[in-house]
1. Among the residues of the range 48-74 satisfying the criterion of being of a type in the set (V, I, T) and in a strand (DSSP E or B), which is surrounded by the fewest Cβ atoms within 10 Å (Cβ to Cβ)?
2. Being touching a helix residue (DSSP H, G or I) at 6+ places or on another chain (Cβ under 7 Å) and either among the basic types (K, R) or modelled with pLDDT under 85 (or both) narrows it down to one residue among N114, N155; which is it?
3. Look at I40 and say whether it is closer than 30 Å to F130 by Cβ, modelled with pLDDT of 85 or more, touching an Asp or Glu at 6+ places or on another chain (Cβ under 6 Å) and not charged (D, E, K, R).
4. Please tell me if E31 is over 18 Å from E82 (Cβ atoms) and acidic (D, E).
5. Taking R107, is it open to solvent by 70 Å² or more (accessible area, probe 1.4 Å), modelled with pLDDT of 80 or more, touching a strand residue (DSSP E or B) at 6+ places or on another chain (Cβ under 7 Å) and farther than 30 Å from I11 by Cα?
6. Among the listed residues F39, F1, F10, F83, identify the single one that is under 30 Å from K167 (Cα atoms) and among the aromatic types (F, W, Y).
7. Between residues in the range 19-36 that are on the phi > 0 side of the Ramachandran plot and residues that are surrounded by 13 or more Cβ atoms within 10 Å (Cβ to Cβ) and part of a loop (DSSP other than H, G, I, E, B), which pairs lie under 6 Å by C-beta distance while being six or more apart or on different chains?
8. Within the range 80-95, can one find any residue that is modelled with pLDDT under 75, in contact with a Lys or Arg (Cβ under 7 Å, 6 or more places away or on another chain) and not in a strand (DSSP E or B)?
Amino acid sequence: FFRILLLVAFIALIIKAFAIDAFKIPSTSMENTLQPGDFIIANKFAYEISTPRELPIADVPLPQHKFFEMGKPEINDVVIFEFPIGFENDSLRGGSKYVKRIVAGPRDTLEITNGEIFVNSKTIKLPSTFKIPKETEVKDLMKDEIIYPPGAKWNRDSYGPIIIPAKGDTIKIAPENFERWQSV
C-alpha cells in the first residue's frame, strides 16, 4: 500500500511539473469570466513543451529548456504567467501568478479610448463575459500610479497608443520615452 501511495504521489508530481497545474483565482480582475475563489486547471502544453520552471510544491526554480512549440497565444486566450525576472523582490508583483486575457499581440498597436479597446486602430471583439470596470475605487487609483508610466496621463479608460514589442525588437530609449519603458 505504501509503495502504491508513493508511486501515485510521484506520478502526480510529474504531471504537475510537466503537464497541468491547478490555480485558485484570488481577485476580481477576471470577473464575469472567472470569479474569486474559482479553481482552474492550466494546460502547460498549450504553447510549448519544456522542462518545468520550478520543482513542484517546493517552488525551487529550475533551469528551463524548451523542446518545441505547440502553438502561439491568440487574442482572447486566457493565460497564466509570472512577472518577468527582476521583479522577484517587488512586493506587488514578485512571485505571483497572473491570470489575464490577451487583447493584443507582438507588434500590434494597443489603445484604449473612453474604455473601448482598439488594436491596430480597429475595435476588437471581446467575449460577452469580458468585464469593463464602471466604478473606480480609491485603492484602484493608488495602483494606477504604479501601473502606468509617470507623466503618461494614462488610466484604465485612456491608454496608449503603444506598440507591443516582439521578441528581438529594438526599442530606442530617449529622454521623452524613458519613463514609459523603464519598468519593461
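The values are calculated or read from the model by the stated rules, or taken from the named source; none is laboratory data. These numbers come from a predicted model, not from an experiment. All Cβ positions, glycine included, derive from the backbone under ideal geometry; neighbour counts span all protein chains shown. Calculation scope for accessible area: heavy atoms of the full protein, side chains included, ligands and nucleic acids excluded. Shrake-Rupley method; radii C 1.70, N 1.55, O 1.52, S 1.80 Å.
1. V60
2. Result: N155 is the single residue among N114, N155 that is touching a helix residue (DSSP H, G or I) at 6+ places or on another chain (Cβ under 7 Å) and either among the basic types (K, R) or modelled with pLDDT under 85 (or both).
3. Judged against the criteria, I40 is not a match.
4. Here the answer is yes, as E31 does meet what is asked.
5. yes
6. Numbers: F39 fails: under 30 Å from K167 (Cα atoms); F1 fails: under 30 Å from K167 (Cα atoms); F10 fails: under 30 Å from K167 (Cα atoms).
Criteria check complete, one pass: F83.
7. These pairs meet every condition: N32/K131.
8. Checked against the condition, which is being modelled with pLDDT under 75, in contact with a Lys or Arg (Cβ under 7 Å, 6 or more places away or on another chain) and not in a strand (DSSP E or B), the range 80-95 yields at least one hit.
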